Amino acid sequence: MKMTLKQGITIGILVSLLLTLVPVNAQSARSLNCGDIIEGELTPNDSMHEYTINVQAGTTIDIIVEPIGNAFNPYLLFYDSGGGEFALANANKAGVAEQLLDYQISSTNSKLSVYGAFPNSEGRYASAGEYFGAYIASLGCTLRDGTVINAGDAAPPAVSNLTSPSSLASVFSGTGFPGLAPVDFTNGITIPFTAGVPNTGSVSSGFEGVFGFTLDVNAGETYAFDFSKISGNLNLGIAILSPDNKIVFYGGMIASSRLATDVLFPSAGQYTIGVFRVDLLPPDTLEATAFQVTATLQ
């Protein structure tokens, strides 16, 4: 099923009023995979984000970049694997999502660049190093064989609709997170997490709780997370909770073996990284599943 959030997209030749785009203080390209919902923030020290759209040529994609708050105006540019521009998106003013919907990619590993634009502009201005803000990006795909991978297939509906993590938590009380079957974060194991090295764990087919890690962070830090299965075939859900039980990230490995994402931690404290079994698209024979998590401070 295609995303229903539809707004205009400007695709074509940039007019002379378009400012020259120069990547300033940009980090190396991140990976954006089918089904990903990730959060990022442009800052004076990280003023342009570049993503490799990790799909094969012929895949039809839906990319939505939703600004967090009312002041940020994202400006999107799309390039093929050789650096040739094929699309842009800046059809809306600040506070409104930009999108590339139902677009068939012609180049494997195309690129997406996210800039900040003048808040009141529509389709004209972009600037690397002048306008900053946070956003949530999502990628849904239809593969050439017809397989549909919606953004956040394993996520609660509110996440799939790009509601910010803070607003999700504001309507929920208890231990765990909303959506799917209840998961109790108090029922399971929790061990300290070590950044920069693989942290391993396992979940059995009869396990009803959470395999958790605790990670102490400072306010404003961003970690690049890489979740991967080592063995087994269970579908796994992943949630990161703040010290006051608010969601800062939710994702999953549903019929897949790897998930990579960047997570911005809004405040200092001890966060919980929870991995648990998800009964979506279960395999015929369930096998205990070992996994590893690596997180690197950006």
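The values are calculated or read from the model by the stated rules, or taken from the named source; none is laboratory data. Note that the structure is a prediction, hence the values are computed from the model and not measured. In this analysis, Cβ positions are derived from the backbone assuming ideal geometry, glycine residues included, and neighbour counts consider all displayed protein chains. Side chains included, ligands, DNA and RNA excluded: accessible areas come from the protein's heavy atoms. Shrake-Rupley method; radii C 1.70, N 1.55, O 1.52, S 1.80 Å.
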Condition set in a strand (DSSP E or B) and under 17 Å from ILE136 (Cβ atoms), scope segment 76-109, selection most open to solvent (accessible area, probe 1.4 Å): answer is LEU101
Output for Cβ contacts, cut-off 9 Å, separation at least six or different chains, first residue at pLDDT 90 or above in segment 119-135, second among the β-branched types (Val, Ile, Thr) and open to solvent by 20 Å² or more (accessible area, probe 1.4 Å), reads PHE132/THR43; GLY133/ILE68; ALA134/ILE68; TYR135/ILE68
Open to solvent by less than 10 Å² (accessible area, probe 1.4 Å), under 19 Å from the mean Cα position of the chain (by Cα) and farther than 24 Å from GLY251 by Cβ - does that describe any residue in segment 49-68?
no
Given (1) buried (at least 17 other Cβ atoms within 10 Å of the Cβ); (2) modelled with pLDDT of 90 or more, ALA71 misses just (1)
